[in-house]
Amino acid sequence: MREINLGLIGFGTVGQGMVRILLNNLDLIGAKANIRFRLKAIADLDIETDRGIPLSDVRLTSDAKELIYDPEIDILVELIGGLEPARTYILEAIGQKKNIITANKALLAVHGKEIFEAAAQNGVRVAFEASVAGAIPIVRALRDGLVGDRISAVYGIINGTANYMLSEMTERDCAFQEALRMAQDKGYAEADPCLDVEGIDSAHKLVLLILLAFGRQVSLDQIYVEGISGISPLDINFAKELGYRVKLLAIAKGDERVLEARVHPTMVPASSLLATVGGVYNAIFVRGQATGSSMFYGRGAGMMPTGAAVVADLVEVALDLGSGRRKMLVPEFSNLSINDMAQTVTPYYLRFSAADRPGVLSKISGILGDHDISIAKVIQHGRQVGGAVPLVMMTHEARESNMLAALELIDLLPVVWGKTVFIRVEENFE
């Protein structure tokens, strides 16, 4: 049985999960893969706190460079997160011919091209299954299982905090701030939840999904990002009445020329599998030209699920080392142009605060019609004499630029109060 020496930088939540799984399952891993891992050293700023894990044979240090420049360490695991010093550590370790495993989606989203190129030049691997959707093996599925197919669309519920909050808002009829407080009380949301609720974390992961599915390296500023802070219980309830659920989706769609890349609240049919994904769970729906539709579902975060994904990468890289082959790195093989958000075409949900007077609907529908936007359905409840009432419309497919131009004019009407709410709709999940 071959022995592989490991070094771990970062002994926080995920690092502890990885170590627990590794130590508890050494014999199981040995039986399945004929490999015995030896955790030689851990680097962390805090080496005094007792994590309740037996580490008598493991060297603890606060200096990550000791691991980077230790010639006996075969694989280095980076679990500190953030851009720096993680980028510097990884690039230095690659320069020392060390294989890398990371869960750092933000780092790979920003500096992935530099890191993957350095790995290729030095003949080492960078594995990152844990960086997207925790325990869901979506990296392997896109890179290996679907390697022979042309992917046309990826839809991801890939932030557990946002999904938990939208689930609570849907089931409890509560507002955004109340759902956020519940998420924070349960430890699902940070004190500063911006990365999660504003869609930034999902955008980081979408960069990696696009590279895997479409072979295109995109930058964060090429992805349209909109969070869930503007979603109200009123819109969630209208969505339910119309047969939809509101989800924060990371969306990538591509043909042979153009790629769409966007993160935003989306109404999906209540009958779709994605609509049933609740709480902190993640799901990724993939459509391939040959394979059709597939959905991958599971826990997207947490100590043990993410730790398990790190261990899976350890085994895969170790097997590659033993075979003498270097498994395919993530290649950039596409030059698809990135679609301008203004050219995106989807159906829309619209909610107007309209005066309760005759002729209002005709004024609004006239402006929509002038911009090539056709109405599929109208709902108006709660007649209020002399006051505003919510007027809800579902449209057929429309171009975003046309919709924004129409809403700018509609919001100027004296019979429309406040800014119109609109949510994009995705329909095809068969």
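The values are calculated or read from the model by the stated rules, or taken from the named source; none is laboratory data. Keep in mind the model is a prediction, meaning the values are calculated, not measured. For neighbour counting, all protein chains shown are included, and Cβ atoms are generated from backbone atoms with ideal geometry for every residue, glycine included. Ligands, DNA and RNA are stripped out before the accessible areas are found, and what is left, the full protein with its side chains, is counted by its heavy atoms. Shrake-Rupley method; radii C 1.70, N 1.55, O 1.52, S 1.80 Å.
Brief remarks follow.
- Summarised as an ellipsoid, the range 212-261 has semi-axes of 30, 14, 7 Å, derived from the eigenvalues of the Cα gyration tensor scaled by 5 and square-rooted, with the largest first.
- Antiparallel DSSP beta bridges within the chain, percent to nearest 5: 65 percent
- In the distance distribution for the chain, Cα-Cα pairs more than 30 Å apart total 48 percent.
- When the surface is traced with a 1.4 Å probe over the full set of protein chains, Arg245 keeps roughly 70 Å² accessible.
- Residue among Ala106, Leu361, Ala41 farthest towards the positive dipole end of the chain, charges placed on Cβ: Leu361
- Between Gln121 and Asp46, the simple label model (points 7 Å from Cα in the Cβ direction) yields a spacing of 3.7 nm.
- Ordered by solvent-accessible area of protein heavy atoms (1.4 Å probe), largest first, the residues Ser353, Ser62, Ser271 come out as Ser271, Ser62, Ser353.
- Point-charge dipole on Cβ atoms (K/R +1, D/E -1) for the chain, about Cα centre, debye to 20: 840 debye
- Of all DSSP beta bridges in the range 229-373, antiparallel share, percent nearest 5: 90 percent
- Ranked order, Cys174, Cys194 - accessible area, probe 1.4 Å, largest first: Cys194, Cys174
- The range 30-105 shape via C-alpha gyration tensor axes, a/c threshold 1.5: oblate
- Heavy-atom surface of the range 224-371, accessible at 1.4 Å and reported per residue (Å²): 40 Å²
- Averaged over residues, the count of other Cβ atoms within 10 Å places the peptides 3-9, 198-204, 299-305 in the sequence 198-204, 3-9, 299-305, highest first.
- With every protein chain in place, the chain: carbon and sulfur % of accessible area (1.4 Å): 50 percent
- Debye intensity ratio in log₁₀ form over the Cα atoms of the range 157-297, taken at each q of 0.11 Å⁻¹: -0.40
- Per-residue Karplus couplings for the range 262-268, computed as 6.51 cos²θ - 1.76 cosθ + 1.60 with θ equal to phi - 60°, are listed in order as 8, 10, 6, x, 9, 8, 10 Hz, Gly and Pro entered as x.
- By a 1.4 Å probe calculation restricted to protein chains, Arg20 has an accessible surface near 70 Å², given to the nearest 10.
- For the range 1-144, the equivalent ellipsoid built from the Cα gyration tensor has semi-axes of 22, 19, 16 Å, listed from largest to smallest.
- Evaluated at q = 0.13, 0.16, 0.18 Å⁻¹, a Debye calculation over the C-alpha positions of the range 224-376 (equal weights, vacuum) places log10 I(q)/I(0) at -0.91, -1.23, -1.39.
- Note on Lys205: lysines with a C-alpha under 20 Å away, same-chain residues under 8 apart excluded, are Lys105, Lys113, Lys247, Lys253.
- Here the range 142-162 and the range 37-100 have alpha carbon centers that stand 30 Å from each other.
- Residue-averaged 222 nm ellipticity for the chain, from DSSP H runs of 4+ at -39500 (n - 2.57), nearest 500: -10500 deg cm²/dmol
- At q = 0.21, 0.26 Å⁻¹, base-10 log of I(q)/I(0) for the range 283-323 (Debye sum, equal scatterers on each alpha carbon): -0.79, -0.81
- Charge tally around Gly418: other residues with Cβ under 13 Å, Lys/Arg +1 each, Asp/Glu -1 each, net +1.
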